[in-house]
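For reference, the structure discussed in these notes is given below.
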Amino acid sequence: MPKPDLHHLKAKAEKLRDQINHHNYLYHVLDAPEVSDAEYDRMMRELEELEREHPELLTPDSPTQRVGAAPSEKFGVVVHRRMMMSLANAMDAEEMVEFDKRIKRFLKSDEDIEYVAEVKLDGLSVELVYENGALAVASTRGDGINGEDVTANIRTIRAVPLHLRKPDRGHIPRLLEVRGEVIIPKAAFERLNAERENAGEPVFANPRNAAAGSLRQLDPKVTASRPLGIFLYAPGVVEGVEFKSQWEFLQGIKALGLRVNPLSRVCPNVNAVLEYWNEMTERRHSLDYDADGVVAKVNSFTLQERLGEVSRSPRWAIAFKFKAQQAETVVEKIEVQVGRIGSLTPVAKLRPVALAGVTISNASLHNLDEIRRKDIREGDTVLIERAGDVIPYVVQVTKEAKPRARPFTMPSHCPDCGGSVVHEEGEVAYFCVNTSCPARMRESIRHFASKNSLDIDGLGDKLVAQLVDRKLVRELDELYSLTVEQLAGLERMAQKSAQNVIDAIQRSRDTTLDRVLNGLGIRHVGEHTARVLAQRFKTLEALSSASEDDLLTVRDIGPEVARSIREYFDEPRNLKMVRRLERHLRIAAPAEPSGRGALRDKTFVLTGTLESMQREEAERKIMAAGGRVTSSVSRKTDFVVAGADPGSKLRKAQELGIRVLDERGLLELLGEG
Ligand code: IVH
């Protein structure tokens, strides 16, 4: 066989990298992709293969090298060459006008000041350093002077170019320090939380926390699995190119391949900034990311320099905050709920209050640290807020009850079974360790019977509670040994309904591996991971004997997940239960992955509430037919399925001329109509 011509292969790899980088730029920066996901994936695979066969062709900035580094023990320190400042706030239009006057006074000028108005993103600020075009270091803001080195994690964000693009006019600067905000789009945040809830992991309170948590992962593989995005908006030290204004800077970095917010706008005077704020106040809820205000920056860099700074904030910029959606109410009680894996979560029971169109009667208090920090006690009047569309939270206590209740403490014993509660040093979570805790068992059964697990109808909360209390079901497999007589003997259970429940349990025996895996409630294994595992291992037997190393070879499975799966099956009690359960079930081999079905390579976005099925079910059907489901609408989307009360996604689809289906249309496409 002739020796492969290395020159030729090198040129081929370079060409593929250029193409991939170009399509990344079209997709992330210009929001105007020209190829399908499938075509993009094909190029990536081809490059991966080439680099695998000829490792000498690999370059550190190859798009295949986003997850390069191994997990680290802690983050290094990065000293910012120029301090990362914070912004002063304007709380209303008056303060905004006052800011403009102050600037004019300082400059001794009556002329209108030109501003750039931008959306104030509620994420995590970071600095990227490009040296001769290559991404060298990325860091968090930290205290403004010292940040944390998060280079390995930032590299995993697809919208961050590993190498700057050569602009059509001009050149790549010698040094470009650029600051911006890492965010998680709202839709992606909701999906991430749904996944986590499903997998028995604590949910994030808001997209900001999710972004921060994801960026501060010691294992870049975990960060890579999180849907992070980024917008760049401010310069640090720049050498080898000159920008004269903020607007020129934004256009300039966009041409270099960096993502900037398309909503930023030049405002000829302060009135235009106020208008921008009004407009964004209206639009904020339809934005795909959390924003907490508008930032106004003096456009001219010469003026910025003259204005300088006062106590860590520039005199030339201000944050004009949106009005929060808040309400006051009373904390009637603080309760503790026990989750499936035994975690204890404090919840505030509130005197019902209307907020942004819904009645709120619960607020999550997240954990003990949070309650202590805010010193929230029963009977106190509190301010609650809904940020974006997320679950409400308690901002602060506004009026202490008189006399005041004692500070809340976590129970030392489970409120349900009385078993001991453990709390690991340095961790925020508290757990009930009793594996047969009735509260945990109830949650486990509920999860096992849920729509996306074994889908057993009729197992309502009251019935499940009785099954557990009377010890009729001590382990999941015992559901399958229940009889009509046993059920009919329970409160509020007639013969007929008992029969219905038994029938539903019997029907659930015909199932699929991903449903069973999801239903077991293994920590960190939610729907998505269950599907991935089912595809790979095909049987419970094979999965239960897979080593941690085997598991780690699966795409999307990181060390934490691998360990958790192993721990589950290493527990003899679990393994025995699974073996017994298997005898009751007829588990079908998983459907073939995308590729063969009628919807092969088609991309769908679901919005609004569907009538005859839940979203997850629609998703599963689309995937089984070879399609893909994503969370946001772009030109790459083939179909948008709109249910009742669709959101901004429908509008976007219409703007882009994407085909919109209703539920019937989807079923027809699936051949079920
Ligand atoms: S400019 C010297 N622009 O707000 C000015 N900041 O309170 C530096 N932020 O730490 C910041 N969106 O995390 C700027 N369009 C935007 C922003 C923005 C969000 C955050 C940033 C910063 C904080 C300042």
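Here are the numbers for this structure:
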read-out	value
Residue ID - surrounded by the fewest Cβ atoms within 10 Å (Cβ to Cβ), chosen from residues in region 301-355 that are among the polar types (S, T, N, Q) and within 16 Å of the ligand (Cβ to nearest atom)	Ser311
Selection from region 372-392 of residues that are at pLDDT 95 or above and of a type in the set (A, V, I, L, M, F, W, C)	Ile376, Val382
Those strands (runs of 3 or more DSSP E) lying entirely in region 44-129 with at least 2 residues of a type in the set (Val, Ile, Thr) and surrounded by fewer than 14 Cβ atoms within 10 Å (Cβ to Cβ)	77-79
Number of positions in region 194-211 that are open to solvent by less than 20 Å² (accessible area, probe 1.4 Å) and either within 18 Å of Gly142 (Cα to Cα) or part of a helix (DSSP H, G or I) (or both)	3
Counted residues, region 130-165 - those being away from the ligand (no atom under 16 Å from the Cβ), part of a helix (DSSP H, G or I) and open to solvent by less than 20 Å² (accessible area, probe 1.4 Å)	1
Helices (runs of 4 or more DSSP H) wholly inside region 438-501 containing at least 1 residues that are exposed (fewer than 13 other Cβ atoms within 10 Å of the Cβ)	461-469, 484-488
Checking Gly252 against (1) within 14 Å of the ligand (Cβ to nearest atom); (2) part of a helix (DSSP H, G or I); (3) modelled with pLDDT of 95 or more; (4) open to solvent by less than 50 Å² (accessible area, probe 1.4 Å), the condition it does not meet	(1)
Verdict on Val578 being among the β-branched types (Val, Ile, Thr), under 23 Å from Arg509 (Cα atoms) and not in a strand (DSSP E or B)	yes
Condition check for Val237: closer than 22 Å to Trp316 by Cα, outside any helix (DSSP H, G or I) and either over 20 Å from the mean Cα position of the chain (by Cα) or not acidic (Asp, Glu) (or both)	yes
Identity of the residue in region 551-565, surrounded by fewer than 17 Cβ atoms within 10 Å (Cβ to Cβ) and free of Cβ contacts under 8 Å to residues at least 40 places away in the same chain, that ends up nearest to Ser225 (Cα to Cα)	Arg555
Filter result (open to solvent by 20 Å² or more (accessible area, probe 1.4 Å) and over 22 Å from the mean Cα position of the chain (by Cα)) within region 515-534	Arg515
Every residue from region 565-588 that is within 31 Å of the chain's Cα centre (by Cα) and not acidic (Asp, Glu)	Ile565, Arg566, Tyr568, Phe569, Asn574
Residue in region 604-616 that is assigned to a helix (DSSP H, G or I) and at pLDDT below 85 present	yes
Candidate set from region 630-657 (those that are under 19 Å from the mean Cα position of the chain (by Cα) and surrounded by 19 or more Cβ atoms within 10 Å (Cβ to Cβ)); member that is nearest to Val35 (Cα to Cα)	Val633
Only listed residue being in contact with a Leu (Cβ under 9 Å, 6 or more places away or on another chain) and under 30 Å from Arg446 (Cα atoms), chosen from Pro173, Pro235, Pro227, Pro202	Pro227
Qualifying residue in region 366-374 (condition: part of a loop (DSSP other than H, G, I, E, B) and either without any contact (Cβ under 8 Å) to a residue 12 or more places away in the chain or open to solvent by less than 30 Å² (accessible area, probe 1.4 Å) (or both))	no
Members of region 256-296 found to be surrounded by fewer than 16 Cβ atoms within 10 Å (Cβ to Cβ) and more than 15 Å from the ligand (Cβ to nearest atom), listed by number	Pro268, Asn269, Asn271, Glu275, Asn278, Glu279, Thr281, Glu282, Arg283, His285, Ser286
In region 294-326, the residues that are in a strand (DSSP E or B) and modelled with pLDDT under 95	Glu309, Val310, Ser313, Lys321, Gln326
Odd one out for Arg226, checked against (1) more than 15 Å from the ligand (Cβ to nearest atom); (2) touching a Lys or Arg at 6+ places or on another chain (Cβ under 6 Å)	(2)
Residue list for region 532-575, restricted to those being in contact with a helix residue (DSSP H, G or I) (Cβ under 8 Å, 6 or more places away or on another chain), in a loop (DSSP other than H, G, I, E, B) and either of a type in the set (A, V, I, L, M) or over 18 Å from Val516 (Cα atoms) (or both)	Ala546, Ser547, Val554, Arg555, Asp556, Ile557, Gly558
Filtered residues of region 66-118 (kept if within 16 Å of the ligand (Cβ to nearest atom) and among the polar types (S, T, N, Q))	Ser86, Asn89
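The values are calculated or read from the model by the stated rules, or taken from the named source; none is laboratory data. All values derive from a computational prediction rather than experimental measurement. Glycine gets a Cβ as well: all are built from the backbone with ideal geometry, and neighbour counts include every protein chain shown. Accessible surface areas use protein heavy atoms only, side chains included; no ligands, DNA or RNA. Shrake-Rupley method; radii C 1.70, N 1.55, O 1.52, S 1.80 Å.
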